[in-house]
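The values are calculated or read from the model by the stated rules, or taken from the named source; none is laboratory data. Just so it is clear, the model here is predicted, and its values are computed rather than measured. No Cβ is skipped: glycine too gets one built from the backbone with ideal geometry, and neighbour counts run over all protein chains shown.
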Amino acid sequence: MQFFQPVRDRKHAKSLVDQVVAAIEQAIRSQVLRSGMALPSVRAFARVHGVSPFTVSAAYSRLVAQNWLVARPGAGYRVAARPVSNDVSSSARALDGWVPPALGAAWLLADVFADHSIPIKSGCGWLPPEWLDEAGLRQALRQVARTPVNQLAGYGHPYGYYPLRESICQALAAHGLPLVPDQVLLTQGATQGLDIVIRTLLQPGDVIAVELPSYANILPTLRLAGLKVCGISRNEDGLALNELDALAQQEDLKALFVTTVLHNPTGTSLSMSNAFRVLQLAEQHDFRIIEDDVSRDLLPDLGPMLAAMAGAGRVIQVSGFSKSIMPSMRVGYIAADAALIREFAKTKMALGLTTPEMMERTVYQVLRQGRHRAHLQRIQERLRDAHDELCGLMDEHGLEIYARPRAGLFLWARLPGAWREQGAARLAEMALCDGIWLAPGAYFDPEQAHTGWVRFNVAYSRHTALWKFIFKALQASP
C-alpha cells in the first residue's frame, strides 16, 4: 500500500489507527482505491508496514462502521460502493464551485440543520463551533466515558437524570424560582419540551397567542396541533398589552407563548413593568403562559423571569442548553408545578420513552466543572462586540435596526428602499446563489407574510462577502 507510511512520533503524530484510517479514506476519495477493490488482509497489511495486526484490525473495523469498507466472510475487506447522488459532495464543491440548495419549506424546517454546505450562515440560530468550550466538552465527555456500563444500560428515569435536574433547580433558585427535582422534566431540547406542553394541555381549535414576529420553529408545531394561532405584536419594551387584553376579551384564550429575554428573532427583552402586566392579564383572563427561556444564559444582566415572578402554577418554563453549550447537545427541560410535570412525563413517555441519559450526564459534567460560568462570560463579551460591529455595518448600509440589545444572538433589521415591503424573501433566494443564508421575516410570521425584515445572527454576519452582496443587492430592484 504505497499511500501509507506510518509516522512513529508518540508526542505529535496521530495514533497509528487514526493514521491508517486517514490514509485509506484519502485513497478512496482520490480514487486510488476504487469501489469493489480488495484490501490486503489484516496480517498482510501489518507485515508490510510494520504495525500490529490489532492496529490494522481496529482501523478496518472503523472504516466498515463509517461505510468506507465492507467486510465479507471469506472474502476479506473491500472498498464499499459509494452512493450516486444528485447532491454536490464536499469534494466536488471544492473543485467545481459551490452549488446552492433549493430554497423551500422542507429545507428550512429540516434539511437546513444537516446542510453544512452554505459558507456564510447569517440566518442560522446557533453559536459558531469555534466559540464553544471545546476543552470543557472534551473533559465532560471523558468523565462520562468513565461511567460503568451497567449504570448506562437501562432507559433511565422518565423525568431524566436526577443530578442534572438538581443542578437546574439550583440555577433557577438563583433567579428566585425555588423548585425541587420533581418539578423538572428533561426533554430532547427545548423544542420537544414545547411540543410536550402543547400535546398535554391544548386541544385542536384552542385559541393561543404567540408573539409577532414569533419563534419560527414553534409555528409548524402549533399548526400540526390544529390550534388557532393569534399574533400579538412585540415591541422593544415587550408585548403589545392592549392587543393581548383585547384578544383575551374576545376569545377563550388558553395560552400565551412568550420569550421573556433575548427574543428570537428581535433580540428584545420584556421590561419589568411589561412582564408584570402580562402576568396580571393572565390572572385576569385565566390563561397559561409558556415561557421560552432558552437564551437566558446569553444575557449578561438580570432580566425578568415570569416563572419566578408568578410561581410554577400559572407559568410553565421551557429551556435548554443548545445556545450555551452546543446545538447538538439536545438536552432541554420543562419546569412547572409537580402535578403538571407528572402529566408532561406521561406525554413524553408516550412520544418517545426516556431521553438520552448520556447526553444529560454530559451536560451535568459541563455544569459542575466550574468553568462554564467563565465560558458564558466570554461568550457574552464576544456577542456584545459582534452587536456593536454589526450595528455599525447596518447603519452604514441604511438598514433600519429594530432594537440594539447588545446581547444574545440576534438583530432584527429592515431593508431600505424598494426592498422594504416585500423583498426580503427574494433577497434570501439571491443570497443563496452567493453562498449566503439569510432568514427573511416571513419565516417568523404565523401567516408567512412577506416583509422587509431580516433576522441576522450577529456571530455569523460580519463577513465581508455578506456586506458586499447586500451593497450590490440594494443597488438593484427586488
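A few points about this structure:
- The set of residues in region 361-378 being touching a helix residue (DSSP H, G or I) at 6+ places or on another chain (Cβ under 6 Å) and over 15 Å from residue 138 (Cα atoms) consists of 376 alone.
- Residue check for residue 91: surrounded by 10 or more Cβ atoms within 10 Å (Cβ to Cβ), outside any loop (DSSP other than H, G, I, E, B) and at pLDDT 80 or above: no
- Contacts under 7 angstrom Cβ, first residue in region 38-49 being in the same structural domain as residue 72 (by TED's automatic domain parsing) and farther than 13 Å from residue 4 by Cβ, partner of a type in the set (Val, Ile, Thr) and assigned to a helix (DSSP H, G or I), 6 or more apart: 42/56
- Set 267, 231: member being assigned by TED's automatic domain parsing to the domain that holds residue 291, of a type outside the set (D, E, K, R), outside any helix (DSSP H, G or I) and at positive phi: 267
- Single unsatisfied condition, residue 31 versus (1) in a helix (DSSP H, G or I); (2) on the phi > 0 side of the Ramachandran plot; (3) among the polar types (S, T, N, Q): (1)
- Applying the criterion of being buried (at least 24 other Cβ atoms within 10 Å of the Cβ) and among the hydrophobic types (A, V, I, L, M, F, W, C) to the residues of region 279-297, the residue that is farthest from residue 332 (Cα to Cα) is 290.
- Residue check, residue 446 under 20 Å from residue 219 (Cβ atoms), touching a residue at least 12 places away in the same chain (Cβ under 8 Å) and surrounded by fewer than 19 Cβ atoms within 10 Å (Cβ to Cβ): yes
- Qualifying residue in region 317-324 (condition: surrounded by fewer than 21 Cβ atoms within 10 Å (Cβ to Cβ) and in contact (Cβ under 8 Å) with a residue 12 or more places away in the chain): no
- Matching residues, region 43-66, being among the β-branched types (Val, Ile, Thr) and under 42 Å from the mean Cα position of the chain (by Cα): 55, 56, 64
- Enumeration of residues in region 325-339 that are under 20 Å from residue 189 (Cβ atoms) and touching a residue at least 40 places away in the same chain (Cβ under 8 Å): 325, 326, 327, 330, 331, 332, 333, 334, 335, 336
- The single residue among 411, 390, 383, 432 that is of a type outside the set (Val, Ile, Thr) and either assigned by TED's automatic domain parsing to the domain that holds residue 233 or assigned to a strand (DSSP E or B) (or both) turns out to be 411.
- Leading residue by the ranking (modelled with the lowest pLDDT) among those in region 53-83 that are part of a loop (DSSP other than H, G, I, E, B) and either surrounded by 13 or more Cβ atoms within 10 Å (Cβ to Cβ) or touching a Phe, Trp or Tyr at 6+ places or on another chain (Cβ under 8 Å) (or both): 82
- The residues of region 369-378 that are part of a helix (DSSP H, G or I) and surrounded by fewer than 14 Cβ atoms within 10 Å (Cβ to Cβ), listed by number, are 373, 374, 377, 378.
- Residues of region 297-333 that turn out to be part of a loop (DSSP other than H, G, I, E, B), of a type outside the set (Gly, Ala, Ser) and within 30 Å of residue 136 (Cα to Cα), as a count: 14
- When residues of region 340-379 are limited to those that are of a type in the set (S, T, N, Q) and at pLDDT below 95, the one nearest to residue 191 (Cα to Cα): 355
- Scan region 244-264 for residues that are outside any strand (DSSP E or B) and under 21 Å from residue 442 (Cα atoms) and the total you get is 4.
- Among (1) assigned by TED's automatic domain parsing to the domain that holds residue 255; (2) in contact (Cβ under 8 Å) with a residue 60 or more places away in the chain; (3) within 26 Å of residue 335 (Cβ to Cβ); (4) surrounded by fewer than 20 Cβ atoms within 10 Å (Cβ to Cβ) - the single one residue 126 does not satisfy: (1)
- Residues of region 321-353 classified as over 30 Å from residue 134 (Cβ atoms) and either out of contact with any strand residue (DSSP E or B) (no Cβ under 6 Å at 6 or more places or on another chain) or acidic (Asp, Glu) (or both), total: 13
- Scanning region 14-29 for residues that are farther than 11 Å from residue 63 by Cβ and within 34 Å of the chain's Cα centre (by Cα) turns up 14, 15, 18, 19, 26, 29.
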